[in-house]
1. Quick one: which strands (runs of 3 or more DSSP E) lie wholly within region 50-106 and hold at least 2 residues that are modelled with pLDDT under 90 and among the aromatic types (Phe, Trp, Tyr)?
2. May I ask you to verify whether Val57 is buried (at least 17 other Cβ atoms within 10 Å of the Cβ), among the β-branched types (Val, Ile, Thr) and within 12 Å of the chain's Cα centre (by Cα)?
3. Name every residue in region 5-20 that is closer than 16 Å to Leu74 by Cα and open to solvent by less than 50 Å² (accessible area, probe 1.4 Å), in order of residue number.
4. If a residue has to be surrounded by 14 or more Cβ atoms within 10 Å (Cβ to Cβ) and part of a loop (DSSP other than H, G, I, E, B) to count, how many in region 21-34 make the cut?
Amino acid sequence: MVHVPDPAAALDWYSRAFPQAQRRRVEGLTLLDLDGFSLEIVPADSRVGSGAAGSVVYWQVLDFAAEVARLQALGATLYRGPLAIENGQQMCQLRDPWGNLLGLRG
């Protein structure tokens, strides 16, 4: 779940960030189905502000550097990393334009 001030803008951004995701509406909620899970995009409010979801989902990517650059070109900012991890891979966390975190491994 990501909290944003403008769910329509976030849906557009996440659809460009993850073009393989499928949009779905369930009981008035907008979801993006991606790699076995659903991302719910909800309006931020006084109880839960934008970027306050508190969890990070990591995507395994084939070309780590290219994927980081692609997300940055869409407006994501590097929050942590890149860091070296096991098996010669790297990981990082990026913030979407509203402050929510996404993780990459590759």
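1. Qualifying strands (runs of 3 or more DSSP E): 58-60.
2. No.
3. Once the filter is applied, which keeps residues that are closer than 16 Å to Leu74 by Cα and open to solvent by less than 50 Å² (accessible area, probe 1.4 Å), region 5-20 yields Ala9, Ala10, Leu11, Trp13, Tyr14, Ser15, Ala17, Phe18.
4. Number of matching residues: 1.
The values are calculated or read from the model by the stated rules, or taken from the named source; none is laboratory data. Computed from a prediction, not measured in an experiment: that's the story for all the values here. Cβ: placed from backbone, ideal geometry, glycine included. Neighbour counts: every protein chain shown. Surface areas here come from the heavy atoms of the whole protein model, side chains and all, with no ligands, DNA or RNA. Shrake-Rupley method; radii C 1.70, N 1.55, O 1.52, S 1.80 Å.
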